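Data first, discussion second: the structure below is written as structure tokens.
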Amino acid sequence: AGCLLFAPYLSSSSRVLDLFVRKLTPDYCDWGAPRPGQARYGYDGFAVEALKTVLLMGGDVLNRAKREASAPMFIVSSESDRAVGHREHRTLFESVSRFAPRSWYHIFGRVLDIPHTMMTHGEGNPHESMLIAMAKAYIDSKLTWDEIGDIAERMTRGETFDAAVRTLNIGDRAAAEMPIFMTLLDKRSLVMQRHPALRRA
């Protein structure tokens, strides 16, 4: 029915590391030590041969998404993620959303400092509740990305979320957590992507 992808490993954040993983087979690749006083509940890293397998699978996913329909996806990324390449997350979203309009995408800004291991507070994400609310907004809503863009446009013009969904007549398909999602979404950037002429104005 749908996929939730939290910082999926489609490639590394470093092209050099990708090349290293593809060409060499050393023993291990560590994601980096946890912060002082922080427990680590997630993985430490991967054997590089295993990482190479996942990297090749990520490339295959990106290639297939360009030409094949898939289940709708909510892809969550972070600018502070030092493990994976968030450009590929955006690329995957753009490919998938052509076939599955109910696909969503969100990238947490660098200011929130959300790491690759973003699922829990114990793994380094002090904003765990925001992530949960965003996931619930996706699961419990029946809105397309275009409809989210319509809401964003109205909100950038000063309308409240409630007024926007009422005008658009889509309130019955919006989850209770949607206002949280819309607050976190970079609405201005989304509007600019929809209307490239505004960027030149």
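The values are calculated or read from the model by the stated rules, or taken from the named source; none is laboratory data. Remember, predicted model here, so these are calculated numbers, not experimental data. Ideal geometry is used to build each Cβ from the backbone, glycine not excepted, and the neighbour counts take in all protein chains shown. For accessibility, only protein heavy atoms count, side chains too; no ligands or nucleic acids. Shrake-Rupley method; radii C 1.70, N 1.55, O 1.52, S 1.80 Å.
Values as computed for the structure displayed
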| item | result |
| --- | --- |
| Subset of segment 90-120 [within 15 Å of the chain's Cα centre (by Cα) and of a type in the set (S, T, N, Q)] | Thr91, Ser95, Ser97, Ser103, Thr117 |
| Top-ranked residue of segment 103-126 - restricted to ones that are buried (at least 18 other Cβ atoms within 10 Å of the Cβ) and out of contact with any Phe, Trp or Tyr (no Cβ under 7 Å at 6 or more places or on another chain), ranked as nearest to Asp146 (Cα to Cα) | His106 |
| Some residue of segment 67-78 being among the charged types (D, E, K, R) and touching a helix residue (DSSP H, G or I) at 6+ places or on another chain (Cβ under 7 Å) | no |
| Residues being open to solvent by less than 20 Å² (accessible area, probe 1.4 Å) and of a type in the set (Ser, Thr, Tyr) - total across segment 67-79 | 2 |
| Contacts under 8 angstrom Cβ, first residue in segment 76-88 being within 11 Å of Asn125 (Cβ to Cβ) and without any contact (Cβ under 8 Å) to a residue 40 or more places away in the chain, partner in a loop (DSSP other than H, G, I, E, B) and open to solvent by less than 10 Å² (accessible area, probe 1.4 Å), 6 or more apart | Ser80/Ile114 |
| Residues of segment 165-181 satisfying the condition of being within 22 Å of the chain's Cα centre (by Cα) and either hydrophobic (A, V, I, L, M, F, W, C) or in a loop (DSSP other than H, G, I, E, B) (or both) | Ala174, Ala175, Ala176, Glu177, Met178, Ile180, Phe181 |
| Hey, Glu147 open to solvent by less than 80 Å² (accessible area, probe 1.4 Å), in contact with a Ser or Thr (Cβ under 8 Å, 6 or more places away or on another chain) and of a type outside the set (A, V, I, L, M) or not | no |
| Those residues of segment 96-120 which are more than 25 Å from Ala71 (Cβ to Cβ) and part of a helix (DSSP H, G or I), in sequence order | Arg110, Val111, Leu112 |
| Conditions (1) buried (at least 17 other Cβ atoms within 10 Å of the Cβ); (2) without any contact (Cβ under 8 Å) to a residue 24 or more places away in the chain: number failed by Arg64 | (1) |
| Close pairs (7 angstrom Cβ cut-off, 6 or more residues apart or separate chains): under 17 Å from Ala152 (Cα atoms) in segment 91-112, open to solvent by 10 Å² or more (accessible area, probe 1.4 Å) and basic (Lys, Arg) anywhere | Tyr105/Arg90 |
| Residues that are touching a residue at least 12 places away in the same chain (Cβ under 8 Å) and open to solvent by 60 Å² or more (accessible area, probe 1.4 Å), drawn from segment 127-136 | Lys136 |
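This table checks each residue for (1) in a helix (DSSP H, G or I); (2) of a type in the set (A, V, I, L, M, F, W, C); (3) at pLDDT 95 or above; (4) more than 18 Å from the chain's Cα centre (by Cα).
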{"position": "Gly122", "(1), (2), (3), (4)": "yes, no, no, yes"}
{"position": "Pro126", "(1), (2), (3), (4)": "no, no, no, no"}
{"position": "Leu131", "(1), (2), (3), (4)": "yes, yes, no, no"}
{"position": "Tyr138", "(1), (2), (3), (4)": "yes, no, yes, no"}
{"position": "Leu143", "(1), (2), (3), (4)": "no, yes, yes, no"}
{"position": "Asp150", "(1), (2), (3), (4)": "yes, no, yes, yes"}
{"position": "Met155", "(1), (2), (3), (4)": "yes, yes, yes, yes"}
{"position": "Ala163", "(1), (2), (3), (4)": "yes, yes, yes, yes"}
{"position": "Thr183", "(1), (2), (3), (4)": "yes, no, no, no"}
